[in-house]
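What follows draws every value from the coordinates through simple rules; no lab data is involved. Since we're looking at a predicted model, the values are computed, not measured. Positions of Cβ are backbone-derived with ideal geometry, glycine not excepted, and every protein chain shown enters the neighbour counts.
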Amino acid sequence: MPGEGLAVLLDWLNGTAVTAFGAPTSRAEALGFVTGALCVWLVVRQHIANWPLGIANVLLLMLVFVNAALYADAALQVVYVLLNAYGWWHWARGGRDDGPLRVSRTAPAEWAGLAAAGVAITALLTWWLAAHTDSTTELPDAATTALSLLATYGQTRKLLESWWLWIAADLIYIPLYGYKGLWLTALLYLVFLALCVAGLRTWRRSVPA
């Protein structure tokens, strides 16, 4: 039966792959590490394959975050699936004459809109997590969710400054996941941080003069 097959798959993904820093690391987290690092590397190189790989990555991380009671991050993965699908299409057809999209800068008015959206999302999620879940990390969970949403939006449009948003999110994610005992994921986000710096430098060279 399909339901039984899914249950077997989830049990396997939740099983321990390795023990990192004295804490068990699930197969889902280990696979999330590999697919996540490869995905960001492909984004740095502006390779469109980052989007389908990103969909696989967010589904794995959704399972990891639910098990760690990081509910905002888990819910964020659902939005990521939609954003990855949109980004896949937009990178392929969002440029001039339905051609490939090119790197550009964020306009000041768009920055203002993104900042307002970020504050609103953070405030709303902090309240919701405190009122309706057993989360003990409401504010950082909400802030990283907001930053990640805005960064992914910018990434779908190849906005150079989306890398700064990812860098800010990663600087919060690393200690947050360490606090939750998700050491392999914390290490992954340290790799992400380095890749984001590389991505910022690489994309900057692609901005039209």
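Brief remarks on what is shown
- Charges were assigned to the Cβ only: +1 to each Lys and Arg, -1 to each Asp and Glu. The resulting dipole of the chain about its Cα centre is roughly 940 debye.
- Extreme residue, positive dipole direction of segment 130-209, given options Ala143, Val191, Ala131 (C-beta unit charges): Val191
- Whole-Hz Karplus values for segment 31-37 come out as 5, x, 4, 5, 5, x, 4 Hz, taken residue by residue from phi with 6.51 cos²θ - 1.76 cosθ + 1.60 and θ = phi - 60°; glycine and proline positions read x.
- Along its principal axes, the chain has C-alpha extents of 50, 36, 34 angstrom, given from the largest down.
- One decimal place: the segment Arg102-Ala69 gains 8.1 nm when fully extended, by the rule 0.36 nm per residue minus the C-alpha distance.
- Around Leu125: net Lys/Arg minus Asp/Glu count, Cβ-Cβ under 9 Å: -2
- Looking at segment 109-209, the trypsin sites (Lys or Arg not before Pro) that sit in a DSSP loop and have at most 12 other Cβ atoms within 10 Å of their own Cβ are Arg205.
- For the chain, built as a Gaussian network whose Cα springs stay under 10 Å, the top-fluctuating residue of Trp164, Trp89, Trp111: Trp111
- The packing ranking of peptides 118-128, 39-49, highest mean first, is 39-49, 118-128, where packing means the average number of other beta carbon atoms within 10 angstrom of each residue.
- Highest-MSF residue in the chain out of Ala143, Ala107, Ala168 [GNM, Cα springs under 10 Å]: Ala107
- Cβ-Cβ FRET estimate between Trp12 and Arg93, R0 fixed at 30 Å, reported to 0.05: 0.20
- Rg and Dmax [Cα atoms of segment 87-163; Å; Rg one decimal, Dmax integer]: 15.5, 49
- Put simply, the amide H of Leu182, placed in the peptide plane, has no neighbours under 5 Å, leaving out anything fewer than 5 places away on its chain.
- GNM top mover of Ala151, Ala72, Ala112 - the chain, alpha-carbon springs below 10 Å: Ala112
- Whole-number percent relative contact order across the chain, with pairs defined as alpha carbons under 8 Å at least 6 apart: 22
- Relative contact order (%) - criterion: Cα under 8 Å, at least six apart; region: segment 130-209: 27
- With a Förster radius of 22 Å applied to the beta-carbon distance between Ala123 and Val78, the computed FRET efficiency rounds to 0.60.
- Secondary-structure-derived ellipticity at 222 nm for the chain, considering helices only, amounts to -25500 deg cm²/dmol, per-run term -39500 (n - 2.57) for DSSP H runs with n ≥ 4.
- With K and R counted +1 and D and E -1, the other residues having a Cβ less than 11 Å from that of Tyr71 yield a net charge of -4.
- Annotation for Ala85 and Ala194: the two label points, set 7 Å from Cα along the Cα-Cβ direction, are 3.5 nm apart.
- Reported to the nearest whole Å, the Cα centre-to-centre distance from segment 164-204 to segment 110-133 is 21.
- Dividing the mean sequence gap of close Cα pairs (under 8 Å, 6+ apart) by how many residues segment 58-121 holds gives a relative contact order of 18 percent.
- Gain in span if fully extended, Arg201 to Thr133, counting 0.36 nm per residue against the direct Cα distance: 20.5 nm
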